Amino acid sequence: MAFDISLGINGSTTVVRLEGELNDREVQSLRRVVDQAVAQGPRRLVVDVHALDALVPAGLRCLAFAQQHLPATSHIVIEGASPVLHDRFRLAGLDRSMTIVVRDEQLVGV
């Protein structure tokens, strides 16, 4: 599945939606959108990964970079992570600096 990314702003929350397979060729697109999101200085940056099938390590580094460049009062929420993606975030140590909400696999496709 092709990779797609979108950015939305709602008050003090910025939402980045990721869909498909994030491979090494697509990381630059992610970086550009994440840089735009960080520039907004949101209190909360939500990364919606409900429809994300794959995430390469460079994508994890990009999100870690975003966390480091947000204001200290800001927080990143990873919304809708599959158990596999949750494990990747945990192994990268990002579960200590971000809130990771795992999707209910029983509800996928309902």
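Couple of notes before you dig in:
- Phi angles across region 75-87 convert, under the Karplus curve 6.51 cos²θ - 1.76 cosθ + 1.60 with θ = phi - 60°, into 3J(HN,Hα) values of 9, 9, 10, 9, 9, x, 6, 5, x, 5, 5, 4, 4 Hz, Gly and Pro given as x.
- Per-residue 3J(HN,Hα) values for region 92-104, derived from phi via the Karplus relation 6.51 cos²θ - 1.76 cosθ + 1.60 with θ = phi - 60°, read 7, x, 7, 5, 8, 10, 9, 8, 10, 9, 7, 6, 7 Hz in sequence order (x marks Gly and Pro).
- Long-range HN-HN contacts of L52 with modeled amide H, under 5 Å: G20
- Counting charges near R32 (Lys, Arg +1; Asp, Glu -1) among other residues having Cβ under 14 Å from its Cβ returns a value of -1.
- Calculated from backbone phi, Karplus (6.51, -1.76, 1.60) coupling profile of region 39-56 in Hz, x at Gly/Pro: 4, 6, x, x, 6, 9, 10, 9, 10, 8, 10, 3, 9, 8, 8, 8, 9, 7
- Helix 57-69 and the longest principal axis of the Cα set of the chain meet at an angle near 30°.
- Computed label-point distance, nm, for sites S97 and R31 using a 7 Å Cα→Cβ extension: 1.7 nm
- Region 1-103: trypsin sites (Lys or Arg not before Pro) in DSSP coil with no more than 14 other Cβ atoms inside 10 Å: R43
- Mean Cα-pair separation over length for region 1-86, i.e. relative contact order, pairs under 8 Å, 6 or more apart, %: 31 percent
- Residue-averaged [θ]222 nm for the chain, counting only DSSP H segments that reach four residues, each worth -39500 (n - 2.57): -10000 deg cm²/dmol
- Neighbour net charge for F3 - beta-carbon separation under 12 angstrom, K R +1, D E -1: -4
- In this structure the amide hydrogen of V47, modeled in the peptide plane, comes within under 5 Å of the amide hydrogens of V16, V77, I78, E79, none closer than 5 places in sequence on its chain.
Readers should treat all values here as calculations from the given coordinates under stated rules, not as data from a laboratory. Everything quoted here is computed from the prediction, not taken from an experiment. Glycine gets a Cβ as well: all are built from the backbone with ideal geometry, and neighbour counts include every protein chain shown.
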